[in-house]
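Below: one structure, written as structure tokens.
The numbers here are math on the coordinates, done by the rules we state, and not lab data. Given the structure is predicted, the values throughout are model-derived calculations rather than measurements. For neighbour counting, all protein chains shown are included, and Cβ atoms are generated from backbone atoms with ideal geometry for every residue, glycine included.
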């Protein structure tokens, strides 16, 4: 129970994802609305978000094409697809819409260039999950991840290694728990493709807008060191009762369009 007498703890049948943990760390109130109360976000057009979603969709399409042994789509097809997905009424001119579509294509081509033609693509935007009861016994919580692309590559010495790719279209910083949590959730899936005890696993952030790569070596030691922190974050999430809002002028998710964060909850609200 919280101070207002309503039970809002995370239910065991509500799955936990790296995104949910990240949302909780930024604004617990938003995490409650989105994942516990199932409140729908305010519909509004965001150019950055729209471009990011289009880039991810086109990269997934390219990966599926390459997985079947074909060459990825060319710039003309990508440009046409990006333009079609950008709503015309959100831009002052067709030239402006074309400019943003061209930028999306630049991002996508950078992402495609990182995909090894000889690698085996084993996962494309497909969710993987597992159950953990060690977080808050006796409850079992399902943790889920959805990596953009997972490949089995081969070194110049002929040794296989796994690369988990996460495309990023913004300019922010990586979240420390995401690579390790993804690796732990996907353990059984990866073990079905490689001898996991002896195979390197890399997590690569591909920053599309910045045209940079950032890699994390997911050794057993690294995962073991990070696990207590991750377990603590998950425990904080599933035992939360107050769900405090944290001010942010960028947040327009909640039903009060951010006013709950900046000015306090409206009269009669049960928000703590």
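Values as computed for the structure displayed
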| read-out | value |
| --- | --- |
| Relative contact order (%) - criterion: Cα under 8 Å, at least six apart; region: the chain | 24 |
| Linear extension gain, residue 91 paired with residue 40, 0.36 nm per residue minus alpha-carbon span | 15.8 nm |
| Segment residue 244-residue 215, extension gain: residue separation times 0.36 nm, minus the distance between their alpha carbons | 7.1 nm |
| Cβ-Cβ FRET estimate between residue 198 and residue 26, R0 fixed at 35 Å, reported to 0.05 | 0.40 |
| Net lengthening on full extension, residue 47/residue 68 (0.36 nm per residue, minus Cα-Cα) | 4.4 nm |
| 230, 185 arranged by Cβ crowding within 10 Å, fewest neighbours leading | 230, 185 |
| The chain: most fluctuating residue of 44, 187, 99 per GNM, C-alpha cutoff 10 Å | 44 |
| Calculated FRET value between residue 75 and residue 132, using beta carbons and R₀ = 45 Å, to 0.05 | 0.55 |
